[in-house]
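Written out below as structure tokens is the structure these notes cover.
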Amino acid sequence: MATASDTQRLFQQFEPELLKKVQQVGAVRKFKAEEYLMQTGQQIRSAVLVLDGVVKVFREDDDGNEVFMYNLHPGEACAISMTCAARQLSSQIMAKALVDTEVLVIPVELMDEWALKYRSWYQFVLETYRARFEELLDTLDHIAFRNLDERLLWYLKQHQKSLKSNFIKTSFTDIALELNSSREVISRLMKKLAEKGHVKLHKNEVEILHLKM
């Protein structure tokens with residue numbers, strides 16, 4: 001479980017007074033791997049800051065097809081939760097824990113107050129928007145301008161980096177959904193990577209041996 005010292009380490013850019021406020025009013029919530037933090041249509045009333053674990057943010061259409069957007073790591077915040085909470089909007093995205101995860105939720109009514117009172121919070125919100133926007137551009141570049149085999153490599157590298165592990169618990173069906181492809185195509189590409197010694201395939205798990213972008 002994340003401690004007060006963990007919060008201080010992750011958000012050390014905050015003024016001491018703001019850090020104290022965050023620790024006082026922020027509520028810690030725990031999510032098991034694969035558990036949803038946020039779903040489409042849900043009313044968002046809090047800003048979400050990640051303390052531990054990894055959160056995957058994605059879009060889902062009416063048929064259940066997913067489009068990966070970005071991952072959130074400790075010390076980062078969900079820009080969409082901030083926007084929706086501040087404007088009292090419903091979520092247009094999905095977010096779920098890739099591993100057991102802890103987040104800190106900040107009540108929406110404090111957003112404007114802190115932005116005016118604490119410069120570090122204002123800068124944190126701006127940096128959150130900038131970082132998430134750049135990650136979205138990177139995702140868009142791979143979806144729009146790369147071949148599927150290149151997108152698959154990028155997908156695997158993203159998860160390897162986020163999870164800090166060479167083992168990715170996923171299925172070909174899940175990867176196909178996120179890359180807007182079919183299971184058959186992903187299976188064929190993964191088998192080619194395995195034949196080249198880049199990955200080893202296990203049941204519902206991919207072991208990364210050596211990948212080149």
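The values are calculated or read from the model by the stated rules, or taken from the named source; none is laboratory data. On a predicted model such as this, the values are computed, not experimentally measured, just so you know. Reconstructed Cβ throughout: ideal geometry from the backbone, glycine too, with neighbour counts over all protein chains shown. The accessibility values were calculated without ligands, DNA or RNA, using every heavy atom of the protein model including side chains. Shrake-Rupley method; radii C 1.70, N 1.55, O 1.52, S 1.80 Å.
Structure notes:
- Among (1) more than 12 Å from the chain's Cα centre (by Cα); (2) surrounded by 14 or more Cβ atoms within 10 Å (Cβ to Cβ), the one test that L89 misses: (2)
- Here segment 31-64 is the region considered, the condition is being closer than 26 Å to S120 by Cα and open to solvent by 40 Å² or more (accessible area, probe 1.4 Å), and the residue that is modelled with the highest pLDDT is D52.
- Residue match in segment 169-192 (condition: outside any loop (DSSP other than H, G, I, E, B) and over 24 Å from N65 (Cα atoms)): yes
Conditions (1) within 18 Å of the chain's Cα centre (by Cα); (2) within 19 Å of L49 (Cβ to Cβ); (3) surrounded by fewer than 19 Cβ atoms within 10 Å (Cβ to Cβ), marked per residue:
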| position | (1), (2), (3) |
| --- | --- |
| V103 | yes, yes, no |
| P107 | no, yes, yes |
| L110 | no, yes, yes |
| S120 | no, yes, yes |
| F124 | yes, yes, no |
| Y129 | yes, yes, yes |
| L137 | yes, no, yes |
| L140 | yes, no, yes |
| E150 | no, no, yes |
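- Contact map, segment 151-176: residues that are of a type in the set (D, E) paired with residues that are assigned to a loop (DSSP other than H, G, I, E, B), Cβ distance under 9 Å, separation 6+ or inter-chain. Pairs shown: D174/N204.
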